[in-house]
Ligand SMILES: [Ca+2]
Ligand SMILES: [Ca+2]
């Protein structure tokens, strides 16, 4: 996903990170083990128990995206996980208690922006150095799907309280997931709540709900019995959003059935931050080590499409994932998102380890 900084200076808009593709997922292996670790006690409010276990992470299916491969064996300990994405109501409790100001609400500093831009990039006019975020703004006519600047618009004044920019608000959306949340915003909330962001491995383990080798979090079919199981995009992306699943943009959390661990919207609605850096080489490195136990991500971010940008992994896809573009409504799907980017389809949920403050 593009970085806010690059948009601010209106420079390079590189090819989209994720190309079109088919929807498939990992095949389970004989090494998958059913998770049996019992809950260690009463669940913290709003959280569910994710039992530890060993599983096949990623995908070897040639129809998956390249950065989902190779599949590799991972083991994670049990942990607690928020049963829903963090909502506007919850995030307001946090900002009311702490006075926290999100990245999207802060005026960008040119001295900081320069560090992630090609040498010699000229300073933009001060009128461009304003607080804002990226808002999904569908074009009126069909456009090439390899240029996401056609539908992502840098919008001064857009932030979690004004998701579509000035004039919009979140009245009536208190149970919707909070959006326009950058990585450090998500971390700050989780720390305030005595929690932390999930690792990428924890997130994928949890999203599978104990099912082995299934392409979807709920089983083998995208629409079992003809029912939508997650808030995604129907129609012709990005122009025509038919909202056959009932929602054109974000949906109130719990609008769709939970997975078998009791997690709502773990697929779709909004992308969710994890604590892992995004590096396209990381899965290959893990696969060479055999079983990876509680992996915490690579030491360095690397996305060849935007090598200067520090990215963290986001997971689960969003209300903008369509079957003709960005087929990321699957447990193995992943993308790198610029650490400072707020987007109208990115939020988060937190986890909590057993026997620790977080
Ligand atoms: Ca939808
Ligand atoms: Ca989600």
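Before moving on, here are some points about what is shown:
- Residue match in the range 138-147 (condition: under 20 Å from residue 309 (Cβ atoms) and either assigned to a loop (DSSP other than H, G, I, E, B) or touching a residue at least 24 places away in the same chain (Cβ under 8 Å) (or both)): yes
- Of the residues examined, residue 292 is not one that is within 15 Å of ligand 1 (Cβ to nearest atom) and surrounded by fewer than 22 Cβ atoms within 10 Å (Cβ to Cβ).
- Qualifying residue in the range 105-121 (condition: in contact with a strand residue (DSSP E or B) (Cβ under 8 Å, 6 or more places away or on another chain) and surrounded by 14 or more Cβ atoms within 10 Å (Cβ to Cβ)): yes
- Residue satisfying condition, being without any contact (Cβ under 8 Å) to a residue 60 or more places away in the chain and outside any strand (DSSP E or B), within set 62, 108: 62
- Qualifying residue in the range 302-313 (condition: within 12 Å of the chain's Cα centre (by Cα) and within 15 Å of ligand 2 (Cβ to nearest atom)): yes
- Of the listed requirements (1) within 16 Å of ligand 1 (Cβ to nearest atom); (2) exposed (fewer than 15 other Cβ atoms within 10 Å of the Cβ), residue 252 misses just one: (2).
- Number of residues in the range 214-243 that are under 25 Å from residue 178 (Cβ atoms) and within 14 Å of ligand 1 (Cβ to nearest atom): the value is 11.
- You will find that of 278, 222, 233, 237, the residue that is closer than 26 Å to residue 59 by Cα, touching a residue at least 60 places away in the same chain (Cβ under 8 Å), more than 13 Å from ligand 2 (Cβ to nearest atom) and surrounded by 23 or more Cβ atoms within 10 Å (Cβ to Cβ) is 233 and no other.
Bear in mind that the values in this text are calculations on the coordinates, not laboratory data. Everything numeric here is computed off the predicted structure, so don't read it as measured data. Positions of Cβ are generated from backbone atoms using ideal geometry, with glycine treated the same way; all protein chains shown enter the neighbour counts.
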